[in-house]
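Asker: Just dropping this structure here.
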Amino acid sequence: MSLLFTICALHFVAQLSPGPDVLLIAKSAASTTRANTLKIIAGISVGIVVWVVLTLLGFTVLVEQFPWIQQVLMAVGGFFLAKMGWAMFSGGLKSLNQTANLEDGQALSQQKTENYFLLGLFTNLANPKTLIYFSSVFSLALSSSASSNLKAQLAVIIPIQTFIVFSLFMMIMSLPKIKALYQRSGSYIDVVSGALFLIFAIWLWFDAIRMFHL
């Protein structure tokens, strides 16, 4: 029980660390409805299920034997984050050059309505470093002495914890004062958010290239 609690506590801290998932939820909660943001959180949670299951099934061992698998995942994930980051960045710059801020905000919201669930899912899956994170956090659970019961509990509890914690985070970020702040400076936030996503993408590509020299 103490091991399960320790892993959940570590995941809680990691969840709220700055990254694509947190950034996407914060931006969505401040700029769109809670229902749409919940779809994003649901997509992220399903992505966590994928990473947890792959970790518990020993996929990290396969990645260690064939590093090119991780390099491919990093390259593809970096492309998705870069594409999304550029859309935010360029959209923010265009909004700054226009006077009708309200109309710009409505146009942005309409653009994002394609599929919030898939947006959250792909954003989470775009970061293959999550697999490395889970393999290190779950190291004790993956030992031969660990019970299969613990692995099953982790596979269920971690995604549920992800959904609950991110939902509480969404409730805070969607408070009226924060929404009002976003409406006043949404264009600047889009530019900064887009730049951060581009940095995340470059970081993934850099790590993928660096693996060639290891």
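What follows draws every value from the coordinates through simple rules; no lab data is involved. Treat the numbers as computed from the prediction; the structure is a model and nothing was measured. Please note: Cβ atoms are built from the backbone with ideal geometry, for glycine as well, and neighbour counts cover all protein chains shown.
Asker: When K39, K177 are ordered from fewest to most other Cβ atoms inside 10 Å of their Cβ, what list results? Can you show the working numbers first?
Answerer: Working: K39 20, K177 7.
If I rank by nearby Cβ atoms, fewest first, I get K177, K39.
Asker: Between L57 and I157, what is 0.36 nm times their sequence separation minus the Cα-Cα distance? Round to one decimal in nm.
Answerer: Details: separation 100, 0.36 × 100 = 36.00 nm, distance 1.65 nm.
Gain on stretching L57 to I157: 34.3 nm.
Asker: Based on the mean of other beta carbon atoms within 10 Å per residue, what is the order of 157-166, 67-76, 125-134, most packed first?
Answerer: 125-134, 157-166, 67-76
Asker: Under 16 Å from a label point 7 Å along Cα→Cβ of F206: give me every residue in the range 15-37 with its amide N that close.
Answerer: 19-20
Asker: Let me ask another. Quick one: S28, S90, S135, fewest Cβ neighbours within 10 Å first, how do they rank? It would help to have the intermediate numbers written out before the result.
Answerer: Numbers: S28 25, S90 13, S135 20.
Sorted ascending by nearby Cβ count, the order is S90, S135, S28.
Asker: Please find the FRET efficiency linking I178 to F66, where r is the Cβ-Cβ separation and R0 is fixed at 45 Å, and quote it to the nearest 0.05.
Answerer: 0.50
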